[in-house]
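Enquirer: Starting off with a structure, shown below.
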Amino acid sequence: MPDRLPLFIVTGFLGSGKTTLVQRFLREPEGQGTGVVVNEFGEAGLDHRLMVHAAENVELIGNGCMCCARRADVGRALYDLVRMSRQDGQSRFTRAIIETSGLADPSPIVGTIARDPWLRQHVELVSVIAVIDAVAGLRNLRDFDEARRQVAIADALVVTKTDLRAAHPTRDITAAATTIAPDLVLHDAQDPDFSLAWLFDRTAGESASRGRTPFTATEVPQHDQDVGSFTLALPERIDWPAFTLWLSALLHRHGDRILRVKGLVRTSAGANPVVIHGVQHSMHPPVHLTGEDAGQPSFLVFITRGLTRDPIAQSLTRFLHLAEAHSRFHASEPA
């Protein structure tokens, strides 16, 4: 049925670079007319705010993982995208992308689409694209079933962060991934010849998935019970140097147990909020938003393994109080 909406599922473990990859594609001319469904594991959605150039096309599914409790929302979100693409006065979407949470197993998502008669009639699943980063990817494949399942079901694998000093050799990533899925189509996101337009092209996706053994969409085990998510509310304005010092110390000590930290921070140094992202021991450069989320309070979302909310909240409160006292002391000193 050529009239169906082409669908691509982008999956990958926490911090692998899924949002960056999708965002890059949406900025390209070929990415115009793309509807996006974003899922996040956590209490507060954030990644969709970075897709400001396509905000009217973004559907956020939050507060859960798509492969688990929120699976019914996948059908609703896709139904909405199809309906929007066919309304009078709106341009028809050329494709749809589901960006899963970093802890999602994509196979039940695909199974949901395959079992829904309406979705089968209106949506064409073209390709599952897994994203793995060259810094933490090998460790994630070793330690997390979710990371292995994401690679196992994929038609194509995109390796990110190969340009970073801490990156493992691409051949090691390739060897580990093809041990799980021998017929993967592999891409290096830093390769000058890497084409996002080709990756999200219907013909290329069909070519990549042709010959793959059809999987059986089954129920999956519960996620690691030690993995959890919590949100910390931050003051209206926060001292940026003090905050970054605290966060760096926290990741240095507990990075192995902090799978991801992300947040929106309003600092005393400027009017625009700053988006921060950290994965285990590493922090990415902050992103400064312009004119976005004027009324959105500052917050941090942590996804952790065996690390609870209270010690982190108490640590941050103590550190900010000390920083404030230090600032008042120096302000009172005679010139």
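Enquirer: VAL227: aliphatic (A, V, I, L, M) and modelled with pLDDT under 75, yes or no?
Expert: Yes.
Enquirer: Select from the stretch 265-281 the residues that are under 22 Å from SER16 (Cα atoms) and not in a strand (DSSP E or B) and list them in ascending order.
Expert: The answer is GLN280, HIS281.
Enquirer: Could you look through the stretch 265-282, keep only residues that are closer than 26 Å to ARG139 by Cβ and touching a Leu at 6+ places or on another chain (Cβ under 7 Å), and pick out the one that is most open to solvent (accessible area, probe 1.4 Å)?
Expert: Restricting to residues being closer than 26 Å to ARG139 by Cβ and touching a Leu at 6+ places or on another chain (Cβ under 7 Å), the top hit is HIS281.
Enquirer: Checking THR19 against (1) out of contact with any Asp or Glu (no Cβ under 6 Å at 6 or more places or on another chain); (2) polar (S, T, N, Q); (3) open to solvent by less than 40 Å² (accessible area, probe 1.4 Å); (4) modelled with pLDDT of 70 or more, only one condition comes out false. Which one?
Expert: (1)
Enquirer: Since THR162 meets every condition but one in (1) in contact with a strand residue (DSSP E or B) (Cβ under 6 Å, 6 or more places away or on another chain); (2) crowded, with 20+ Cβ neighbours inside 10 Å, which condition does it not meet?
Expert: Exception for THR162: condition (2).
Enquirer: Is there any pair with a first residue in the stretch 266-279 that is without any contact (Cβ under 8 Å) to a residue 24 or more places away in the chain and a second that is surrounded by fewer than 19 Cβ atoms within 10 Å (Cβ to Cβ) and in a loop (DSSP other than H, G, I, E, B) whose Cβ atoms are under 8 Å apart and which are 6 or more apart or on different chains, and what are they?
Expert: ASN272/LEU289; ASN272/THR290; ASN272/GLY291; ASN272/GLU292
Enquirer: Could you run through the stretch 291-335 and say how many residues are outside any helix (DSSP H, G or I) and either modelled with pLDDT of 80 or more or closer than 30 Å to ARG165 by Cβ (or both)?
Expert: Here the count works out to 11.
Enquirer: While we're on this one: Is it true that some residue in the stretch 201-217 is in a helix (DSSP H, G or I), at pLDDT below 90 and farther than 30 Å from VAL82 by Cβ?
Expert: No, the stretch 201-217 has no match at all.
Enquirer: Let me ask something else. Can you report the number of residues in the stretch 249-264 which are open to solvent by less than 70 Å² (accessible area, probe 1.4 Å) and farther than 21 Å from GLY17 by Cβ?
Expert: Looking only at that region, the number is 3.
Enquirer: Looking only at the stretch 109-127, count every residue that is at pLDDT 85 or above and touching a Cys at 6+ places or on another chain (Cβ under 7 Å) and tell me the total.
Expert: Qualifying residue count, the stretch 109-127: 0.
The values are calculated or read from the model by the stated rules, or taken from the named source; none is laboratory data. Nothing here was measured: the structure is a model prediction, and the numbers come from that model. Neighbour counts run over all protein chains shown; Cβ positions are idealised from the backbone, glycine included. All accessible areas refer to the heavy atoms of the entire protein, side chains included, with ligands and DNA or RNA removed. Shrake-Rupley method; radii C 1.70, N 1.55, O 1.52, S 1.80 Å.
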